[in-house]
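Working notes for the structure below.
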Amino acid sequence: LHAPPLSSTAALLTWRNRPFSSLSSVSACVLSRHGAVERIMAGRRNSNPLKLNHAFRTLQLVSLPLLAASSCSSHTDCGPCVNSTTLGGHTCEWCEMDAQCHAVGSLESPCYPSGKAPWCISESSLSSCGKTSVAFCSGAMDDSRRAQQIHLAFAGATGMRVSFKTWLQPNESTVVVTEVGSSNTMQFSLDSSVNYIEDGGYHHTATLKGLGEGKSYDYYIETDGIKTTTRHFKMADANQMEASVLVVGDWGYGEQGHAIASRQRIEALKSSTDFMLIAGDIGYADDSFDHASKCMLEFCYETVYDAYMQWIENYTDAKPFMVAVGNHESECHSPACITRHAERAALRNFTAYNARFAMPAPESGGVMNMWYSFDYGPIHFVVINTETDFPHAPEFDYGDAGSVLGMPAGHFAPEGEYLRWLEADLAKANENRERRPWVVTVGHRPWRLAPKGKKTEAAVEEAHSKLFEKYGVDMFVAGHQHNYQRLLPLGNNTGVPFVISGGAGCDEWLGNQESSGKVDSQGQTDEWDWRYWTMDTQVGTLEATATELTFKAIASKTGEVFDTVTLKKEAVVTV
């Protein structure tokens, strides 16, 4: 007989009015599985009802999976499932992820890891479900197919992509878009639906085409007749020569990820920024085993990723969320993943990252979300790949866990294709300076660090630095370092200005700060003017006009702008 551990038991039994003789042999076997039957039998041998009663009351948590499982699985609707009882206790939970009824603690349930509490319903006191009343069943069937984790991305000058997740695969999905102030309504079907891991739900993308530059739109997503609330976005104006971009890097999830202050600062900056750009390491799902001790053994990768994407939805469903690939996107390397081959294999080689997001690679000749470019206002953004597909790349053949524990990775295009694309894109952007005077590259790993411009990541530098200098990249925005740094070239230094904005907060952030200490230092060498700041978590904004490009580093807790970098050039813009 298999029984889950006590923390995942299937029923809470109150035995005060139930004689021991009513226990079935199966129940006794389960009790023996948890080493309790001997104590109960000892109480019975002593013929002392008080001792027997105390034994059962002390036990409290008793696993009865065999008794509950068949009863729970017979229910096809949420209400009867949640109301179901076995031997006087609630024993079932409704899982919205598969729209099925399971015994509490069943390993067969997609909701079994306790981190998936938001998506299950149960009245059992042993359940870890976040919804604890049958009243939540009223919308449970719809919630299994309702679009969630909605996020936008640019798709060319007249397009926008909408991506979202559903637990079950809907038969019909439509994004309905209406131009504000007009009766002009358009409907768009899905480009793709991807399920990359068992019980992980479906990730969908639709491209909204033929939109008007400078126009505002309302939209909602309808899946099998189930509608989301109406959302809103605005397209950039064709002649727009201003931009305000929210910039974060290495941003984890929740309190364990030291990310709450940055989330609150992002909310405060929402109305004044046009879109968000993250320089890699998104959510830290691969560090989910650090979120709580339970995730050392439970598989929590998808749980953390889902929670993160829902956490930021009220920004990303209204303003594009543009991503760059980082090392923490490469694979799952938690203890639970290493011992679970199916999940580990399903998540290798940036699979979740490329399934969940849909950047404008088709419009810019890039590859998936690994490298691409786009225009916004006076800036041409080039999102680079610092992880794979160039000689000696950090994850050229294996993921972030290395050749021993890591899974095969990289090789998203034929050899040399990435760097050929990068040079061609930079060359084209450099020829278009009159229209877009600024070229900003965004990637995860920098190859220069403050203080004093010391070198790191030699292979990344070898692949990129000469191209950046050749085509006059105005600024490189990076992350990877869990703090804020900037380096501005001086004298005869032909290097590119670096802004490292990797201090938004993550699972590793506090340990990094404790190692470095709280530091705020700045200075100059013959080649670099630098700043190094580890005082707290931070975000940034990148603001541009035709003649100025300004990065502001902002302390997440206080909102103080503690460092400002401004680049200037003569106005030679034509529109």
Kirkwood Rh and Cα Rg combined as Rg/Rh, the range 209-300:
1.09
Could you run the Karplus curve 6.51 cos²θ - 1.76 cosθ + 1.60 with θ = phi - 60° over the range 268-283 and give me ³J(HN,Hα) per residue in whole Hz, x for Gly and Pro?
5, 9, 4, 5, 9, 10, 8, 6, 10, 10, 10, 8, x, 6, 9, x
Note: probe point = Cα of Gln187 + 7 Å toward Cβ; backbone nitrogen < 15 Å; residues of the range 198-228 passing the test are 220-228
Karplus-derived HN-Hα couplings along the range 360-375 (A = 6.51, B = -1.76, C = 1.60, θ = phi - 60°), whole Hz, x at Gly and Pro:
x, 5, x, 7, 10, x, x, 10, 6, 9, 7, 7, 5, 8, 6, 10
In the range 406-446, which GluC sites (Glu not before Pro) are in a loop and have at most 11 other Cβ atoms within 10 Å, using DSSP for the loop call?
Glu415, Glu434
Need one word for the range 405-482: rounded, prolate or oblate. Basis is the Cα gyration tensor (sqrt eigenvalues a ≥ b ≥ c); a/c below 1.5 gives rounded, then a/b vs b/c decides.
oblate
How tilted is helix 458-470 with respect to the longest principal axis of the chain? Cα atoms for both, answer in degrees (0 to 90, nearest 10).
40
Table column - 3J(HN,Hα) (Hz), the range 380-397, Karplus curve with 6.51, -1.76, 1.60, x for Gly and Pro:
9, 9, 10, 8, 9, 10, 9, 10, 9, 6, 8, x, 6, 4, x, 10, 4, 10
Cα-based helix-to-principal-axis angle, 49-59 vs the chain, degrees rounded to 10:
20
Would you mind putting 564-570, 143-149 in packing order, based on average other-beta-carbon counts within 10 Å, highest first?
143-149, 564-570
Binned Cα-Cα distances of the range 76-122, short to long, each 10 Å bin given as a whole percent
32, 57, 11
Within the range 186-332: Cβ-based charge dipole about Cα centre, in debye rounded to nearest 20 (Lys, Arg +1; Asp, Glu -1)
680
Could you please state, rounded to a whole Å, how far the C-alpha centre of the range 146-185 is from the C-alpha centre of the range 257-301?
24
Dividing the surface of the Cα convex hull of the range 317-435 by four yields a projected area in nm² of 8.6
Please report the carbon-and-sulfur percent of the accessible area for the range 436-575; probe 1.4 Å, protein heavy atoms only, DNA, RNA and ligands left out.
45
For the range 128-264, what is the accessible area per residue in Å², given a 1.4 Å probe and the full set of protein chains?
41
Taking amide H positions as placed 1.01 Å from N in the peptide plane, with prolines and chain starts having none, which residues 5 or more places from Trp528, or on another chain, fall under 5 Å of its amide H?
Leu490
When the Cα atoms of the range 377-515 are enclosed in a convex hull and the volume is divided per residue, what value in Å³ results?
132
The chain, Rg to Rh (Cα coordinates; Rh as Kirkwood inverse mean 1/r):
1.05
Computed log₁₀ I(q)/I(0) - Debye formula, equal Cα scatterers, no solvent, the range 455-553, q 0.25 Å⁻¹
-1.40
By the mean-Cβ-within-10 Å protection proxy, highest first, 131-138, 102-109, 438-445, 529-536 rank as 438-445, 102-109, 529-536, 131-138
At a 1.4 Å probe, what is the % contribution of carbon and sulfur to the accessible area of the range 262-324?
56
By its C-alpha gyration tensor, with a ≥ b ≥ c as the square roots of the eigenvalues, how is the range 303-368 shaped: rounded for a/c under 1.5, else prolate for a/b larger than b/c, else oblate?
oblate
Please report, in debye to the nearest 20, how large the charge dipole of the chain is about its Cα centre when each Lys and Arg carries +1 at its beta carbon and each Asp and Glu carries -1 there.
1900
Tilt relative to the chain, helix 417-431 - C-alpha long axis, 0 to 90 degrees, to 10:
50
Among Gly517, Met276, Val134, the residue whose Cα sits farthest towards the positive end of the charge dipole of the chain (+1 at Cβ of Lys and Arg, -1 at Cβ of Asp and Glu, taken about the Cα centre) is Val134
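The values are calculated or read from the model by the stated rules, or taken from the named source; none is laboratory data. Keep in mind that what you see is a predicted model, and the values were worked out from it rather than measured. Using ideal geometry, Cβ is built from the backbone for each residue, glycine included, and neighbour counts are taken over all protein chains shown. These area figures cover heavy atoms from the full protein model, side chains too; ligands, DNA and RNA do not enter into them. Shrake-Rupley method; radii C 1.70, N 1.55, O 1.52, S 1.80 Å.
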